[in-house]
Amino acid sequence: PNTSNQLVSARSIKYRECVKSVGNEMFEDIPEVKNRLVFFLRYLFRMKEFRVGQLPILNRALQLKSVIGLLPTGGGKSLTYQLSALLQPGITLIVDPIKSLMADQYMSLKDRGISRVSVINSQLSPAERRYAQKSLESGQEQFVFLSPERYVIDAFRSILTQANEAGNYFSY
């Protein structure tokens with residue numbers, strides 16, 4: 001009862017590769033590493049195997065490299081960033097211009113038992129927005145869904161700076 005709600009965060013971890021490029025946008029799995037990731041896939045997401053294209057995206061994210069994930073609708077793009085974020089000791093900011101998608105992904109994480117999730121957008125009341133921003137600033141959230149326009153608000157950028165200065169790291 002006397003513990004803080006703050007998540008323990010640290011600098012991002014650069015993981016080992018889970019695939020190797022064999023040229024022409026083709027990849028070969030590294031079985032030892034893939035098997036470890038499949039454990040989390042099954043335990044957290046209740047899926048048996050990765051879909052085609054997910055491991056190369058996850059590989060770049062876990063290597064702390066920039067990545068653009070191009071998969072068809074329903075191809076599992078969300079899973080790639082969610083799993084990589086869960087494997088990092090920090091806060092992940094998800095910029096999403098579509099409020100309904102933001103809500104769907106928020107509920108999907110909550111349904112999986114991931115409770116450190118919030119949304120900050122114009123649909124919140126001022127009081128709800130202040131509460132969500134305070135939770136972000138104090139390091140109580142692991143996933144924060146944001147609308148793109150949040151970044152042009154000086155007060156919001158100040159919250160991000162204060163969170164970082166307080167030792168709350170941003171993984172993604």
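The values are calculated or read from the model by the stated rules, or taken from the named source; none is laboratory data. Just so it is clear, the model here is predicted, and its values are computed rather than measured. FYI the Cβ positions are ideal-geometry reconstructions off the backbone, even for glycines, and counts take in every protein chain you see. Ligands, DNA and RNA are stripped out before the accessible areas are found, and what is left, the full protein with its side chains, is counted by its heavy atoms. Shrake-Rupley method; radii C 1.70, N 1.55, O 1.52, S 1.80 Å.
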If we ask which residues in segment 53-76 are of a type in the set (Lys, Arg) and either in contact with a helix residue (DSSP H, G or I) (Cβ under 6 Å, 6 or more places away or on another chain) or at positive phi (or both), their number turns out to be 0
task: Could you check, for segment 99-119, whether at least one of its residues is in contact with a Lys or Arg (Cβ under 8 Å, 6 or more places away or on another chain), of a type in the set (Val, Ile, Thr) and at pLDDT 95 or above?
output: yes
Of the residues in segment 142-172 that are aliphatic (A, V, I, L, M), touching a residue at least 40 places away in the same chain (Cβ under 8 Å) and not in a helix (DSSP H, G or I), the one that is farthest from Arg60 (Cα to Cα) is Leu146
Consider Ala103 carefully, then state whether it is out of contact with any helix residue (DSSP H, G or I) (no Cβ under 7 Å at 6 or more places or on another chain), among the hydrophobic types (A, V, I, L, M, F, W, C) and open to solvent by less than 20 Å² (accessible area, probe 1.4 Å). no
Just one listed residue, out of Ile91, Ile68, is among the β-branched types (Val, Ile, Thr), out of contact with any Leu (no Cβ under 6 Å at 6 or more places or on another chain) and open to solvent by less than 20 Å² (accessible area, probe 1.4 Å), and it is Ile91
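Against the definition (open to solvent by 60 Å² or more (accessible area, probe 1.4 Å) and closer than 16 Å to Ala155 by Cα), how does Glu137 come out, yes or no?
Numbers: open to solvent by 60 Å² or more (accessible area, probe 1.4 Å): no; closer than 16 Å to Ala155 by Cα: yes.
No: the conditions fail for Glu137.
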Of the residues in segment 35-65, those that are surrounded by fewer than 18 Cβ atoms within 10 Å (Cβ to Cβ), in contact with a Leu (Cβ under 8 Å, 6 or more places away or on another chain) and in a helix (DSSP H, G or I) number 3
Contact list, first residue from segment 51-68 and in contact (Cβ under 8 Å) with a residue 60 or more places away in the chain, second anywhere and open to solvent by less than 90 Å² (accessible area, probe 1.4 Å), beta-carbon distance below 6 Å, six or more apart or interchain, is Ala61/Val67; Ala61/Ser84
